[in-house]
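Presented below is the structure to which this report refers.
The values are calculated or read from the model by the stated rules, or taken from the named source; none is laboratory data. Here the structure is a predicted model, which is why all the values come from computation and not from measurement. Note that each Cβ is placed from the backbone with ideal geometry, even for glycine, and that neighbours are counted across all protein chains shown. To get the accessible areas, we keep the full protein, side chains included, count just its heavy atoms, and leave off ligands, DNA and RNA. Shrake-Rupley method; radii C 1.70, N 1.55, O 1.52, S 1.80 Å.
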Amino acid sequence: MSDSPVALRDLLLTTTRTLRRRWHDLLQPWGLSPHEYRALDVIGRADDPIRLGVVAKELRIVPRSATEVVDRLETRGLTERLPDPADRRAVCVRLTDEGRRIRAELASARDADAVEMFDRLDAEERARLSDLLHKLVDDRPR
């Protein structure tokens with residue numbers, strides 16, 4: 001095994017793809033895409049109904065795409081649209097009871113998958129991995 005920067009980059013990318021593939025596979029029984037789950041999660045984290053523009057911004061997509069994602073979630077009964085009380089031209093969205101239930105199920109399934117994925121590492125290895133990954137992403141000077 002090489003520890004060159006190029007090899008480490010490729011290994012980290014492979015690990016990330018593995019996590020994404022596992023997540024995509026995990027979502028299949030619910031019939032949701034990772035993008036739809038992210039929208040469900042953004043909407044579910046809001047205390048009050050939120051504007052579609054906020055959903056788009058959180059997902060880093062154009063508003064039209066956010067509308068399409070919310071349309072699919074609404075068709076499945078997971079979200080509902082409401083008029084914005086502050087601006088009658090604007091539309092807000094919130095989770096339905098079913099949307100909250102599915103979001104909670106998926107959060108539990110995702111957490112269980114993370115445990116399964118990282119359980120092959122002992123506590124010391126997980127701590128070391130955490131330290132190394134933080135070192136790579138933290139903006140703090142070394």
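Worth a mention:
- Matching residues, region 84-142, being in contact (Cβ under 8 Å) with a residue 24 or more places away in the chain, touching a strand residue (DSSP E or B) at 6+ places or on another chain (Cβ under 9 Å) and acidic (Asp, Glu): 84
- In region 72-90, residue modelled with the highest pLDDT [restricted to those that are open to solvent by less than 60 Å² (accessible area, probe 1.4 Å) and out of contact with any Ser or Thr (no Cβ under 7 Å at 6 or more places or on another chain)]: 82
- The helices (runs of 4 or more DSSP H) found wholly in region 1-66 and carrying at least 1 residues that are among the basic types (Lys, Arg), at pLDDT 95 or above and crowded, with 16+ Cβ neighbours inside 10 Å occupy 34-45.
- Leading residue by the ranking (farthest from residue 34 (Cα to Cα)) among those in region 112-142 that are under 20 Å from the mean Cα position of the chain (by Cα) and open to solvent by 100 Å² or more (accessible area, probe 1.4 Å): 137
- Residue identified as within 11 Å of the chain's Cα centre (by Cα) and charged (D, E, K, R) among 9, 20, 72: 20
- Considering 112, 104, the condition of being small (Gly, Ala, Ser), modelled with pLDDT of 95 or more and closer than 21 Å to residue 20 by Cβ is satisfied by 112 alone.
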